[in-house]
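For reference, the structure discussed in these notes is given below.
Each value in this text was obtained by applying a stated rule to the coordinates, not by laboratory testing. Here the structure is a predicted model, which is why all the values come from computation and not from measurement. In this analysis, Cβ positions are derived from the backbone assuming ideal geometry, glycine residues included, and neighbour counts consider all displayed protein chains.
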Amino acid sequence: VQRTLVLVKPDGVARGNVGEVLRRIEAKGYTLVALELRQADEALLAEHYAEHAGKPFVRPLIEFMSSGPLVAAVVEGQRVVEGFRSLAGATDPTTAAPGTIRGDLARDWGAQVIENVVHGSDSPQSAAREIALWFPAL
Ligand code: ATP
């Protein structure tokens, strides 16, 4: 079966969305195989966002992602990479469909970075790389 890396980003933790995000993952029928509240350091985040290196939003993104605790999880199920991205909705919370995590729980707060509650790996290859990075013991 497939696995994906899910992060409840610092905005989601600060706004009390952890339970709601986990509830949606479990309600959908996916399985949690790792779950941890942690403070991510900049080195880990620079690795995590390596594909965005050089883009103008990467610095504010790393600052935002290290601004407070986040929740990291490994979620398992058939086609869970695609399935969780569908649960999460579009990157921009203003246009993310109602019914999705981002569509229901986030909006544009006028910040430099798009604060959109969750991250989910974008392909099985990214998932394998990200899970090895966040949960090396798995
Ligand atoms: P994630 O990787 O977090 O699941 P995503 O795949 O929808 O989100 P990416 O394009 O990989 O989005 O961008 C990673 C994150 O960087 C976004 O979730 C958002 O927080 C931020 N971001 C992306 N594009 C921009 C932008 N143009 N301006 C500000 N922040 C951005």
P(r) over all Cα-Cα pairs of the chain, 10 Å bins from 0 to the longest distance, whole percent per bin, short to long, reads 12, 46, 37, 5
Dividing the helical contributions, -39500 (n - 2.57) per DSSP H run of n ≥ 4, by the residues of the chain yields a 222 nm value, nearest 500 deg cm²/dmol, of -11000 deg cm²/dmol
Among Val18, His52, Gly68, flag the residue with its Cα farthest along the positive direction of the charge dipole of the chain, charges on Cβ as +1 for Lys/Arg and -1 for Asp/Glu.
-> Val18
About its Cα centre, what dipole magnitude does the chain give when the only charges are +1 on Lys and Arg Cβ and -1 on Asp and Glu Cβ, stated in debye to the nearest 20?
-> 260 debye
